[in-house]
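Peer 1: Below: one structure in structure tokens.
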Amino acid sequence: MRVFVTGASGWIGSAVVPELIGAGHQVVGLARSDASAAALTAAGAEVQRGTLDDLDSLRSAAAASDGVIHLAFKHDVAFSGGFEEAIEADRLVVETFGDALAGSGRPLVVAAGTLGLAPGRVATEGDRVPDGQTPGNPGAGRHAITQLTLSLASRDIRSSVVRFAPTVYGEGDRGFIAMLVDIARTRGVSGYIGDGSHRWPAVHRFDAAHLIRLAVETAPAGSALHATADEGVRIRAVAEVIGRHLDLPVVSVSPEESAEHFGWLAGTLAFDGPVSSVLTRELLGWQPTHPGLIDDLDKGHYFRTPTTA
């Protein structure tokens, strides 16, 4: 297939591109910078210059493809306080792809998240977040994009959503785990909130890329898929590995003090959200093969140099 990929030079996308090319697909990647364009060219992909705001360009690229994978999200806008703006931009992009692919039977794979899907219990692929979900749910907003994507199956689009664990880890990661390492270095202790029993699902970057390929190739229309290899890793276990590698005390941080200690990450860190991928594995034959989060942490690559700029 000729596959158009947004976010193709990002953390997950840069693993998806070689996964697709290695399976014999052509890749056209969206690039908003010279550096992204150069990285895509070096990986063997074609380049389409533009941003998520260039809806006409996105529509044309989708119409000229055999399938679309939408991984990009305005994280910079969301993390600087513009979460609703980022969600609205994402909605417009998905609607644009829907218009371009309607009636074609072609695949559209959209990235989403598992955070906040089923607080306090193990979430499954069958879970849906209702409209008007509870304020404070850290996954609020993006779940509406999931529903929009799945609804496109009624327009003869083989639409599917891949819900990613909040932790997509691996060497080179600059996400939540890297942030926790930096906080531990700065604070001089490796902390967890309360009793540390909160659970985070996790998936290795390369296993996630493999699932994305399977989704664009074979996922049935209207499929919700879960990119979770570890169903739920307790945050205290993560803190203990960080403390051991940095030779720092491992301490409990009270919920009242968590915002001061962890900053904006506190709300996400305190959320208990284990997620199953049993149905995804059965449906697509996906089997994660890379080390789990704790084993990957123990390899030491998160601790070799300071992890964020």
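The values are calculated or read from the model by the stated rules, or taken from the named source; none is laboratory data. This is a predicted model, so every value here is computed, not measured. No Cβ is skipped: glycine too gets one built from the backbone with ideal geometry, and neighbour counts run over all protein chains shown. The protein model used for the area step is the full one, side chains on, heavy atoms only, and it has no ligands, DNA or RNA in it. Shrake-Rupley method; radii C 1.70, N 1.55, O 1.52, S 1.80 Å.
Peer 1: For Val77, are the conditions met, namely being closer than 17 Å to Gly13 by Cα and of a type in the set (A, V, I, L, M, F, W, C)?
Peer 2: No.
Peer 1: Another question, then. Quick check on the range 277-296: of everything there that is open to solvent by 40 Å² or more (accessible area, probe 1.4 Å) and assigned to a helix (DSSP H, G or I), which residue is farthest from Gly232 (Cα to Cα)?
Peer 2: Per the criteria, the residue is Leu283.
Peer 1: How many of the residues making up the range 17-36 are crowded, with 16+ Cβ neighbours inside 10 Å and among the acidic types (Asp, Glu)?
Peer 2: 1
Peer 1: If you don't mind, there's one more thing I want to ask. In this structure, is Ala39 open to solvent by 60 Å² or more (accessible area, probe 1.4 Å) and of a type in the set (A, V, I, L, M, F, W, C)?
Peer 2: no
Peer 1: Hey, which of the strands (runs of 3 or more DSSP E) in the range 174-259, taking only ones fully inside, have at least 1 residues that are farther than 30 Å from Asp66 by Cβ?
Peer 2: Answer list for the range 174-259: 190-193, 199-204, 230-234, 250-253.
Peer 1: Can you name the residue in the range 42-59 that is touching a residue at least 24 places away in the same chain (Cβ under 8 Å) and out of contact with any Asp or Glu (no Cβ under 8 Å at 6 or more places or on another chain) and, of all such residues, is most open to solvent (accessible area, probe 1.4 Å)?
Peer 2: Checking each candidate, the answer is Asp53.
Peer 1: List pairs: first in the range 276-301 and over 30 Å from Glu240 (Cα atoms), second modelled with pLDDT under 95 and open to solvent by 30 Å² or more (accessible area, probe 1.4 Å), Cβ under 9 Å, 6+ apart or cross-chain?
Peer 2: Listed by first residue and then by second, the contacts come to Leu279/Gly126.
Peer 1: Sticking with this one: Counting just the residues of the range 157-172 that are open to solvent by 10 Å² or more (accessible area, probe 1.4 Å) and under 13 Å from the mean Cα position of the chain (by Cα), which one comes out farthest from Leu265 (Cα to Cα)?
Peer 2: In this case the residue turns out to be Phe164.
Peer 1: Residues of the range 267-276 being buried (at least 19 other Cβ atoms within 10 Å of the Cβ) and in a helix (DSSP H, G or I), which ones?
Peer 2: Across the range 267-276, the qualifying residue is only Leu269.
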